[in-house]
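The values are calculated or read from the model by the stated rules, or taken from the named source; none is laboratory data. Please read these numbers as outputs of a predicted model, since none were measured by experiment. Reconstructed Cβ throughout: ideal geometry from the backbone, glycine too, with neighbour counts over all protein chains shown. Side chains included, ligands, DNA and RNA excluded: accessible areas come from the protein's heavy atoms. Shrake-Rupley method; radii C 1.70, N 1.55, O 1.52, S 1.80 Å.
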Amino acid sequence: MTPAPTVRRVLGDGPFAEIGEPALAVADERSGTVAVGGDLGHIQWSGNGTADSGWTGHRIGVYEQAGLRCRTLVRSRHPVRSLAFHPSLPLLDVGTGSYDGGYFFTGELLLIHLDSGEPVSALEHPREVLDVEWRSETALRLVLAPWDDWDNPRASEEGHTVVVTRPD
C-alpha cells in the first residue's frame, strides 16, 4: 500500500506571493499599508486555453503592514520603476517602463485608486516613468525617460523632470 502524499509546502505561500519577486516597496504610515512592485516572469498561458494577450508578470500589490494581507493587486504591462502614495488621498502613483532594446522607452504612469483598486493610465502616449514623487497634495513630480534613443547616445542615462499640478 502506498502512503498518502504529504504536503511539505504550498507554492506561493508567504509574503508578497501575489506579485512574485519583489523589486520595489514603499510604506505609507498614514494608511498602514505598503505598496510592492514585483515580477512573476513571463506568463505563457492564462489558464483559460488562450494566450495571455502579451501581458508579462509585472504586478503591483498593496498590503496591510500588519500581517501583510493583500488589499489590492494590479497588473502592469511594464516593470515598476517607482511608487508614491498621495499625501492625503487614497491614491497610489506607479511609474512603469523599460527600454525596448532597439529604439523606444515605453511605459506608463498608473494611478491606482486604493478604495476601489481601479488603475488608470494617466499618460496620453507611452513613456517610461523613471520616478514619481508627491511635492504637495496637488503637485506630482515625474522623471520621464527620453521618448527614444535616436541620435542621443546618453538616452539611457538621462531623464526629463516635470511637475504636474492639478487642483483635483
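When TYR99, TYR103 are screened for being touching a helix residue (DSSP H, G or I) at 6+ places or on another chain (Cβ under 9 Å), open to solvent by 40 Å² or more (accessible area, probe 1.4 Å) and in contact (Cβ under 8 Å) with a residue 12 or more places away in the chain, only TYR99 passes. Inclusion of ARG9 among residues that are out of contact with any Lys or Arg (no Cβ under 7 Å at 6 or more places or on another chain), open to solvent by 40 Å² or more (accessible area, probe 1.4 Å) and modelled with pLDDT of 90 or more is not warranted.
Tally time: how many residues in region 57-96 are open to solvent by 30 Å² or more (accessible area, probe 1.4 Å), in a strand (DSSP E or B) and touching a residue at least 24 places away in the same chain (Cβ under 8 Å)? Looking only at that region, the number is 5.
When ALA122 is tested against (1) touching a Gly at 6+ places or on another chain (Cβ under 7 Å); (2) modelled with pLDDT of 90 or more; (3) closer than 30 Å to ASP151 by Cβ, exactly one condition is not met: (1).
Here's a check for you: in region 106-154, which residue that is assigned to a loop (DSSP other than H, G, I, E, B) and closer than 25 Å to CYS70 by Cβ is least open to solvent (accessible area, probe 1.4 Å)?
At the first step, the residues of region 106-154 found to be assigned to a loop (DSSP other than H, G, I, E, B) are 114-118, 122-128, 135-138, 145-147, 149-154.
Adding the requirement that they be closer than 25 Å to CYS70 by Cβ leaves 114-118, 122.
On the way: LEU114: 39, ASP115: 121, SER116: 72, GLY117: 15, GLU118: 112, ALA122: 51 Å².
Only one residue tops the list, namely GLY117.
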